[in-house]
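The values are calculated or read from the model by the stated rules, or taken from the named source; none is laboratory data. Since this is a predicted model, take the numbers as computed values, not measurements. Cβ placement follows ideal geometry from the backbone for every residue including glycine, while neighbour counts extend to all protein chains displayed.
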Amino acid sequence: MLHYKKFAVVTALLGLMVVGMAATRPHDDDDKPKRNLKVLPKDISHEELDKVMDEWKVALGVKCGFCHAQSKDSTSHHLDFASDAKPEKEIARHMYKMTAKINKKYFSFNKDDKGAVIPTITCMTCHRGNPHPGEVK
């Protein structure tokens, strides 16, 4: 009788453990923030990406919502960073490629100790804290 009770208790505990494990499924990739990197390196760290975005915000004197669209979820007040809904985001990509070409063609001698070109022309060169170059706040 004692063996039957031990067996019943162990079986019940195992059953609860299996049910508990089945109820807690691993997180989907949907929980991870989506990325839509077309000109920046795909393997850029979150910290480095934030640094680049902060530099662009300062150079243009704008907030994130200038280039990034609102989430389609009407209950959320967050931005959908992966969305390409705003044309300003594609313009920013184009401008980034343009400055990279200028730096490569005219300032390729300006290199750091690892041989990487140090950008001479940046967003700040033309924008100087304004969303549109040449505009005065």
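For the stretch 108-123, the set of residues classified as farther than 23 Å from G134 by Cα and at pLDDT 85 or above consists of D113, K114, listed by residue number.
On the stretch given as the stretch 45-75, residues that are out of contact with any Phe, Trp or Tyr (no Cβ under 6 Å at 6 or more places or on another chain), free of Cβ contacts under 8 Å to residues at least 24 places away in the same chain and either part of a helix (DSSP H, G or I) or more than 21 Å from G134 (Cα to Cα) (or both) total 20.
Only residues that are over 11 Å from the mean Cα position of the chain (by Cα), of a type in the set (A, V, I, L, M) and closer than 21 Å to K97 by Cα were counted in the stretch 40-85, giving 5.
Residues in the stretch 76-130 that are part of a helix (DSSP H, G or I), loosely packed, with under 13 Cβ neighbours inside 10 Å and of a type in the set (S, T, Y): Y106 only. Report yes if K57 is basic (K, R) and surrounded by 14 or more Cβ atoms within 10 Å (Cβ to Cβ), otherwise no. Taking the combined requirement at face value, the residue satisfies it.
Matching residues to (1) modelled with pLDDT of 95 or more; (2) among the hydrophobic types (A, V, I, L, M, F, W, C):
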site	(1), (2)
P26	no, no
R35	no, no
K42	no, no
L60	yes, yes
K63	yes, no
C67	yes, yes
S71	no, no
S74	no, no
L79	no, yes
